[in-house]
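Below is one structure, written out as structure tokens; comments come after it.
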Amino acid sequence: MSSAQIEIQLIASIVAVACAIPGTFLVLRKMAMISDAISHSILPGIVVGFFITQDLNSPVLILLAAFTGIITVVLVEYIQKTGLVKEDTAIGLVFPALFSIGVILIAKNANDVHLDVDAVLLGELAFAPFDRLLIGGTDVGPKSLWVVGTILLVTISLLILFFKELKVSTFDKGLAASLGFSPAIIHYGLMSISSITTVGAFDAVGAILVVALMIAPAATAYLLTTDLKKMLALAIGFGIFSAIFGYWVAHWLDASIAGSISTVLGLVFLLVYLFAPSKGIIAVMYREKQQQTEVSLLTFLLHLKNHDELEERHVNHLNEHINWQKVRAQTVLDLALKNNMIHIEKNIVSLTKKGDEFTSKAIDYIMTNEDAQIEDMKDDFFLFRG
Amino acid sequence: MLGSFAVLRKQSLLGDAISHAALPGIAIAFLITGAKDTNTLLIGALISGLIGTFWIKSIVTKTHLKSDTALGLILSLFFGFGMLLLTFIQKQPNANQAGLDKYLFGQAATLVESDVWMMAIVTGLCLIVMLTFWKEFKILLFDADYTKTLGFNTKFIDILITTFIVLAIVLGLQTVGVVLMSAMLLAPAAAARQWTNSLSVMVFLAAIFGAFSGVFGTAISASQNNLSTGPVIVLVASVFVAFSFIFSPSRGLLFKQIRVIKNRRDLELHKTLAFMHHIAETHKDISHPHAIKLLNNFQGYTKSTLQKLVEKDYVQINGNMWSLTKTGFETAANLYTKQSTEDE
């Protein structure tokens with residue numbers, strides 16, 4: 001591994017961490033699309049900043065671009081407040097307009113300089129190590145490493161300082177306001193951090209990857225946990241993993257690093273989406289099926305309890321009467337047998353003592369409409385789940 | 001046109017997501033066929049756009065992630081994947097690959113006649129489908145549950161609308177590019193929404209706005225050098241939106257402000273009249289003159305309100321004195337009972 005490769009991976013990981021932190025809060029605050037809007041609308045800010053400074057890495061440019069990002073947020077909120085259109089429409093109206101202004105500015109004035117739309121949108125991580133920062137003639141590392149490093153440090157220190165405030169205002173705005181810290185300040189603070197991160201990272205990894213790095217790790221982590229600290233840690237972990245793994249995929253395929261990092265992010269999300277223990281698709285489908293069987297079981301037991309007559313409880317009659325498909329009837333019957341809730345004698349099904357108790361309790365809960373308690377009760381009674 | 005449905009269904013950003021999600025489709029179609037035939041590329045874009053859309057829908061329904069997260073996720077991931085494929089293609093020894101990235105930013109000038117025909121045909125198709133299923137679309141839009149109880153196949157209609165939105169976006173990609181497509185979808189519809197409450201008028205207006213911004217945008221961009229068509233069209237459309245926001249008669253900001261001022265004036269007038277009534281009541285003769293000075297320390301009073309009251313024939317002025325007329329007295333007496341109906 002050459003030093004350039006290590007540097008690229010380092011930059012990618014730092015960007016991933018710097019994006020994952022604000023990203024987590026954006027996802028929790030249902031403002032994920034704002035990051036997309038910001039990443040596009042910083043373009044005019046960058047262009048104007050570039051005219052003033054003539055240097056793609058100067059802090060003024062980053063500040064100007066971040067300022068455009070905040071303007072976007074304010075504009076979106078203003079349009080939304082007029083009540084003429086909904087929030088998502090407002091976002092969809094504002095950022096293409098700003099982006100168009102940026103594109104036109106570039107086309108009119110900056111055709112001959114090193115600044116084009118592709119570079120802003122897509123970035124090129126591979127060139128990052130060649131743009132060195134020289135202090136007093138000595139080489140202290142790639143410029144973008146310093147830029148994103150500083151941003152990361154600021155983000156982390158702000159996060160630690162204001163963790164409690166952020167947490168409260170994210171989950172309970174009213175409480176936050178009544179506790180005396182203004183949700184508006186936190187809101188705009190978060191927005192500024194997101195804009196600055198986006199701007200700082202765009203030149204290394206491109207605007208689209210910034211969005212991917214902000215949303216995807218946070219969304220993936222959200223599927224796995226509901227604890228804010230764990231979610232942050234997981235998001236950071238996913239970010240770093242995808243950054244490094246993505247780099248090697250790109251290396252192997254000889255393709256865009258930004259693209260392959262987001263592809264890896266996508267794959268990670270897909271895996272978690274399918275296999276997450278409690279919220280993944282497969283888990284959800286399994287649970288739905290389990291509940292379906294258990295509800296059937298309950299209906300079946302209720303039927304038994306209501307009928308004392310022998311002929312009503314004959315297996316053949318039950319088949320006919322309840323009219324389930326064979327497989328399903330068999331599953332339900334097996335489950336009931338396994339849990340010692342019924343016993344079958346000469347094809348006559350009857351409730352055991354335990355089954356009887358279970359059924360009466362279930363009826364109680366259903367009558368009092370405390371459906372939630374049925375889940376606990378199932379835990380008490382079931383040896384095997386559906 | 002189809003944008004109207006997107007706006008009303010609160011799926012505005014879907015357009016943005018789809019236009020990004022179409023990119024890997026274009027790349028894959030190119031990888032498979034190895035040719036830069038517009039139609040195959042479009043079919044690829046259509047398929048991946050649809051996959052993106054349905055994945056977004058399933059994320060929203062099956063997990064607790066919100067729609068904005070799902071949109072952002074799919075958008076950036078698909079786009080990143082598309083970029084990966086595009087850069088991968090660029091390394092391939094195939095001279096044909098140049099120009100694939102034109103799809104990213106769009107270039108209306110590169111359109112050839114067959115593309116235009118293709119668009120015209122698809123637009124016509126959209127129109128026909130929209131007219132046939134007009135009632136279903138409309139009812140689904142405003143009350144999905146009711147539609148279901150009426151026995152319509154909501155899933156089918158939903159998929160139909162989505163497919164056409166995706167189709168429209170994919171076609172538009174060539175003209176204005178990935179980033180600006182969402183504005184093309186949204187802006188005319190958002191502008192049209194300000195002028196009307198009726199769906200059919202809105203769709204019609206949106207089509208006109210869209211066409212106008214297209215024509216104007218192209219004209220402006222053609223008149224100057226170095227001005228790409230897409231951004232100019234989008235800016236023109238945005239101007240339409242801003243104009244509609246401010247000047248539309250019933251919802252616009254300008255008229256809203258005017259209405260607020262007018263209401264305030266009316267209220268002041270009523271207050272003055274009520275105060276006068278209060279004073280006049282103390283005399284047997286309602287037309288007994290009082291000094292104007294009396295009104296001075298009353299906050300609702302200004303010279304112009306008094307003037308207006310005179311114009312309405314509620315008050316007579318004689319030098320420094322005023323007196324209520326008969327009609328003025330009656331109006332004032334009925335003011336409170338009448339006010340609620342009058343203000344409507």
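Here, each number is a calculation from the coordinates, and none is a lab measurement. This one's a predicted model, so the numbers in the text were calculated from it and none came from an experiment. Methodologically, a virtual Cβ is constructed for each residue, glycine included, from the backbone with ideal geometry; neighbour enumeration extends over all protein chains shown.
Spin-label pair A:Val74-B:Thr33: with each label point 7 Å from Cα along the Cα-Cβ axis, the two points sit 4.9 nm from one another. Spacing of the modelled spin labels on A:Ile52 and A:Asp380, each 7 Å from Cα toward Cβ, amounts to 6.9 nm.
A crude spin-label estimate for the pair B:Arg259 and B:Thr327, with each label 7 Å from Cα along the Cβ direction, gives 2.8 nm.
If you add up the charges near A:Val73, with Lys and Arg at +1 and Asp and Glu at -1, over every other residue whose beta carbon is less than 15 angstrom from its beta carbon, what do you get? Every neighbour counted, the sum reads -2. Extension gain for A:Leu161-A:Gln291 works out to 42.3 nm (0.36 nm per residue, less the C-alpha to C-alpha distance).
Sort B:49-57, A:348-356 by the packing proxy (mean of other Cβ within 10 Å over each peptide's residues), most packed first. Before the final figure, lay out the partial values.
Values: B:49-57: 21.1, A:348-356: 16.0.
Descending mean neighbour count gives B:49-57, A:348-356.
In sequence order, the stretch B:123-136 has phi-based couplings of 4, x, 4, 4, 4, 4, 4, 5, 5, 5, 9, 3, 4, 5 Hz under the Karplus curve 6.51 cos²θ - 1.76 cosθ + 1.60, θ = phi - 60°, and Gly or Pro positions carry x. Ranked by the mean number of other Cβ atoms within 10 Å of their residues, highest first, the peptides B:183-196, A:295-308, B:260-273, A:219-232 fall in the order B:183-196, A:219-232, A:295-308, B:260-273. For the stretch A:285-293, backbone phi angles converted through the Karplus equation (6.51, -1.76, 1.60; θ = phi - 60°) give residue-by-residue couplings of 5, 4, 5, 4, 5, 4, 5, 4, 4 Hz, Gly and Pro being listed as x. Summary of the geometry: the stretch A:148-163 and the stretch A:273-304, compared by the centres of their Cα atoms, lie 44 Å apart.
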